[in-house]
Each structure stands twice: as structure tokens, then as C-alpha cells.
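As C-alpha cells, the structure follows; a few thoughts come after it.
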Amino acid sequence: MFARTALTLALAFVVFQAAAFWVVYRTLIVPVAERSADDLAGLIVLSAQTWVELPPQTRAAFERELARRHGLRLTTVNIGATADAPHFAFRTQIEDALSRRVGDDVILRGVPGTEAAWLDIPVGGHDLHAGFFPRRYAVKPPLAAIAVVALGTFLSLLTALFLVRRITVPLARAAGAARQVGAGELPEPLPETGPAELAELARRFNTMAGEVRALLDNRTTLLAGISHDLRTPMTRLQLNLEMLRDAPSPARIDRAVADLADMNKLIAGYLELARTTQAENRVRFDLAGLLEEAAVDANLSWPGAVPCMIEASRLAVRQIVSNLIQNAQRYGGTPVELVLECTGSLARVVVRDAGTGIPDDQLEKVFRPFYRLETSRSQATGGTGLGLAIVRQLAETNGLKVVLRNRPQGGLEAILEIRR
């Protein structure tokens with residue numbers, strides 16, 4: 001990208017400078033050259049006419065003065081100018097101007113070994129030979145203008161390279177960090193500096209890298225939890241099956257069936273957690289009606305509320321509310337309250353219980369998969385540890401917000417916020 005962008009900018013600047021030089025050449029250099037050539041042709045022709053009109057005894061003095069002051073030579077002596085005159089800038093313009101003044105095609109000639117340019121001027125019955133030094137009269141290209149164009153091109157290229165470098169270096173750094181993330185590593189945070197777009201890109205990448213790392217950690221935790229939680233019922237099931245070989249018993253069969261039910265429940269929870277990574281379609285519905293359905297299913301007393309229309313993922317909201325109610329009923333004790341607060345811009349579903357609450361330093365940890373306040377990992381006392389993880393994942397995936405906080409009078413308060 002650096003090479004291509006720099007080359008593209010360089011070519012664009014070179015083309016621009018070439019176009020600028022061509023405009024200067026056509027509008028400034030060529031007109032000045034044509035004017036200077038016409039002045040030189042007029043001086044030569046006027047000098048020849050003056051030479052013819054002067055008395056013969058004064059012509060030599062006139063020739064000397066003309067050579068001294070203007071560098072022009074007039075003579076009737078054949079000086080042997082048979083070769084092509086030396087090439088110099090704007091020779092064509094000078095020959096065209098002389099041709100117009102003389103009335104005939106003029107081709108400048110030269111004497112081998114000299115720098116002078118000569119032409120024949122038939123005037124007043126004399127064949128005069130006029131000569132001049134091109135380096136004195138030829139218009140020189142304005143070196144200052146060329147220098148400015150060259151310097152502008154050079155500075156433009158440096159500026160282009162500097163700007164491109166400022167863009168490509170952060171992108172290359174981000175590409176390297178992306179490779180590290182792809183390899184399962186956690187790279188150093190990218191510097192969130194520079195142009196606003198690149199700073200925002202770095203900020204988003206740092207956030208993404210943290211989320212990827214959290215996802216990898218959750219995957220590790222998930223696999224470890226699956227291995228641990230399934231091992232216990234599988235061991236019990238295997239033991240019951242071995243004992244059934246020697247002493248068939250309906251009680252052992254019932255225990256084996258119960259172990260299968262536990263494993264099925266665990267697997268259903270894992271599948272439900274995996275499904276929460278996919279956002280659901282948003283629809284418009286009455287949140288008060290949904291809470292009434294959830295309260296009936298949970299055998300919870302619900303006083304009702306005025307209609308509160310929202311646009312969100314209905315299934316996700318229903319599952320979040322149901323999980324929060326079940327969590328409060330299982331761990332929080334009674335009574336469990338369900339409250340709906342509906343304002344112009346925000347709808348808040350609050351589930352309150354009267355339990356012991358959660359230590360403040362663990363209010364966020366309980367949203368991790370398999371994290372349990374009760375450390376025995378028994379499903380009878382601690383559940384699977386996936387309920388609140390599913391709640392948080394569903395909320396983040398569908399643009400909702402769930403927070404937990406302890407109540408001053410005791411108990412826990414779970415709040416689901418939905419922007420209207």
C-alpha cells in the first residue's frame with residue numbers, strides 16, 4: 001500500500017508540475033523569446049540600412065561602434081560562413097523574425113571554429129554580411145522558474161511520502177496485531193493517536209482484541225465446565241449400570257434415568273448459551289404484556305402495568321426476564337417483585353428479591369459461565385452456573401443492558417434496560 005500510494009501521488013504531482021511548466025513555457029517563455037527575436041531582427045535590419053546611408057568614410061567607425069555596443073558585425077567581406085550555425089535556444093524564432101524583416105527566408109550560417117551566427121542581407125545594392133553572438137541575444141530559459149518547479153516536485157514527493165507513511169505504519173501495526181489475535185495471543189494495545197479515523201480504528205481494534213481474548217477464555221471455561229459437570233452424572237450412570245448387572249433394581253434404573261436427565265439439562269444449557277451469540281430480529285411489542293406472560297409461567301404475583309411499547313428482540317427479552325425471575329426465586333428467597341418502569345426514552349424491568357444479596361466484588365463475576373457463589377458445583381444447590389451468563393450474552397448481543405446491585409434494605413435487584 002505504501003509503495004502503490006506513494007507512486008500514485010508521485011505520478012500525480014509530476015504530471016501536475018509538467019503541466020504547470022508547459023503553461024509557463026507557452027505563456028511566458030515563448031512570448032518573451034519571440035519578442036526578443038523580433039527586436040534583434042529589427043536591430044540588424046536597421047543597422048544595415050543605416051550602414052548603406054552613411055558616407056563610405058564613416059562606415060568603418062559605425063561598424064566598430066556597432067560591434068562595441070551591440071556585439072553586431074557588418075561587413076561586405078565574404079567571411080566564409082558556409083557551415084550551419086551553432087544550435088542555440090530559440091534559434092527558430094530568430095530566423096522567423098529575420099525572414100519577416102528581410103522579406104526572404106533566412107538561414108543562419110556559421111564559420112567553423114567560431115560561435116558567431118551569420119546571415120546575408122542584400123540592401124542598397126550591397127551584399128552585407130551581418131553576424132552576432134547567440135549567447136548574447138538568445139533568450140535563455142528562466143532558470144529560476146525551472147528551479148521552482150523542480151523544488152516543488154521534490155517537496156511534493158516528500159510530503160506525499162510522509163503522509164502515506166503516517167497512514168501505512170498504523171495499518172501495518174494493526175495487521176501485525178491482528179495476526180497475533182488470530183494466533184490466540186493478546187497483543188499490546190495499539191496507540192490510539194494520529195488522525196481521528198486511525199485513532200478510532202485502533203480504539204475499536206483494542207476493544208475487539210479484548211473481546212476475542214474474553215471469548216477464548218470463555219471457551220476454555222466452557223470446555224472445562226462441560227468436562228467437569230458431565231463427568232459426575234456419567235460416573236454415577238456407569239456405576240448404576242454395572243450394579244444392574246448383578247442386582248437389577250427399579251431404584252437404580254430411576255437413578256440412571258435421573259442422571260441422563262441431568263446430562264440432558266446440562267447439554268441444553270450449553271446449546272442455549274451458544275445460541276445467544278446470534279442476534280434476533282427486532283419487533284415492536286408491548287413489554288407489559290410480555291411481563292404478564294413471564295409472571296404467569298413463573299407463578300409470580302404481578303400487579304400489571306400500563307402498556308409500554310418497545311422495539312427489541314422479543315424472544316431474547318422474554319428469556320432474560322424468565323432467567324432473572326428463576327434466579328431470584330431459587331437463590332433470593334421470597335417475596336420476589338417484578339416492576340416495570342417506562343419513560344419516554346427508556347424501559348426498565350426490575351426483579352427484586354429478599355435474599356442475602358451478592359458481595360459487591362462478585363456482582364460482575366456471576367455473569368461468567370460456570371461461576372457460582374456456592375462452590376460445591378451441585379446442581380441441587382448451585383445450578384449449572386449458566387443462567388446469568390446466558391442473560392448477559394443475550395443482552396449484549398441484542399443491544400440491551402443488564403446490571404445487578406444490592407438493595408440497601410437487603411436482597412438483590414436485577415435491572416434490564418431497554419432503550420425505546
Scanning segment 392-415 residue by residue, those open to solvent by less than 40 Å² (accessible area, probe 1.4 Å) and over 32 Å from the mean Cα position of the chain (by Cα) turn out to be VAL402, LEU404, GLY410, GLY411, LEU412, GLU413, ALA414, ILE415
Residues that are touching a Lys or Arg at 6+ places or on another chain (Cβ under 9 Å), under 14 Å from HIS126 (Cβ atoms) and open to solvent by 20 Å² or more (accessible area, probe 1.4 Å), drawn from segment 36-51 = VAL45
What number of residues in segment 2-46 are farther than 21 Å from ALA147 by Cβ and touching a helix residue (DSSP H, G or I) at 6+ places or on another chain (Cβ under 6 Å)?
-> 10
Would you check if there is a residue in segment 201-213 being farther than 19 Å from ILE390 by Cα, in a loop (DSSP other than H, G, I, E, B), modelled with pLDDT of 80 or more and open to solvent by 80 Å² or more (accessible area, probe 1.4 Å)?
-> no
Filter result for THR220 (on the phi < 0 side of the Ramachandran plot and modelled with pLDDT of 80 or more) = no
Scan segment 52-93 for residues that are among the basic types (Lys, Arg) and loosely packed, with under 14 Cβ neighbours inside 10 Å and report the count.
-> 3
Is it true that VAL306 is at pLDDT 90 or above, farther than 30 Å from LEU241 by Cα, of a type in the set (A, V, I, L, M, F, W, C) and assigned to a loop (DSSP other than H, G, I, E, B)?
-> yes
Some residue of segment 285-292 being at pLDDT below 90, closer than 30 Å to ASN406 by Cβ and acidic (Asp, Glu) | no
With the checklist (1) over 55 Å from the mean Cα position of the chain (by Cα); (2) in contact (Cβ under 8 Å) with a residue 40 or more places away in the chain in hand, flag the one item THR5 doesn't pass.
-> (1)
Flag for VAL339 being of a type outside the set (S, T, N, Q) and buried (at least 19 other Cβ atoms within 10 Å of the Cβ) | no
Please work out if ARG318 is over 20 Å from VAL391 (Cβ atoms) and either out of contact with any helix residue (DSSP H, G or I) (no Cβ under 6 Å at 6 or more places or on another chain) or in a helix (DSSP H, G or I) (or both).
-> no
Identify the single condition in (1) at pLDDT below 80; (2) in a helix (DSSP H, G or I); (3) loosely packed, with under 15 Cβ neighbours inside 10 Å that ILE167 does not satisfy, given that it satisfies every other one.
-> (3)
Which one is farthest from ALA67 (Cα to Cα), of the residues in segment 6-35 that are open to solvent by 50 Å² or more (accessible area, probe 1.4 Å) and among the polar types (S, T, N, Q)?
-> THR8
In segment 94-113, is there at least one residue being among the acidic types (Asp, Glu), within 60 Å of the chain's Cα centre (by Cα) and open to solvent by less than 60 Å² (accessible area, probe 1.4 Å)?
-> yes
Which listed residue, of LEU66, LEU74, is in contact with a helix residue (DSSP H, G or I) (Cβ under 7 Å, 6 or more places away or on another chain), within 15 Å of HIS129 (Cα to Cα) and not in a strand (DSSP E or B) = LEU66
May I ask you to verify whether ASN299 is without any contact (Cβ under 8 Å) to a residue 24 or more places away in the chain and out of contact with any helix residue (DSSP H, G or I) (no Cβ under 8 Å at 6 or more places or on another chain)?
-> yes
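The values are calculated or read from the model by the stated rules, or taken from the named source; none is laboratory data. Bear in mind the structure is a predicted one, so any value in this text is a computation, not a measurement. All Cβ positions, even for glycine, are placed from backbone atoms using ideal geometry, and neighbour counts span all protein chains on display. Calculation scope for accessible area: heavy atoms of the full protein, side chains included, ligands and nucleic acids excluded. Shrake-Rupley method; radii C 1.70, N 1.55, O 1.52, S 1.80 Å.
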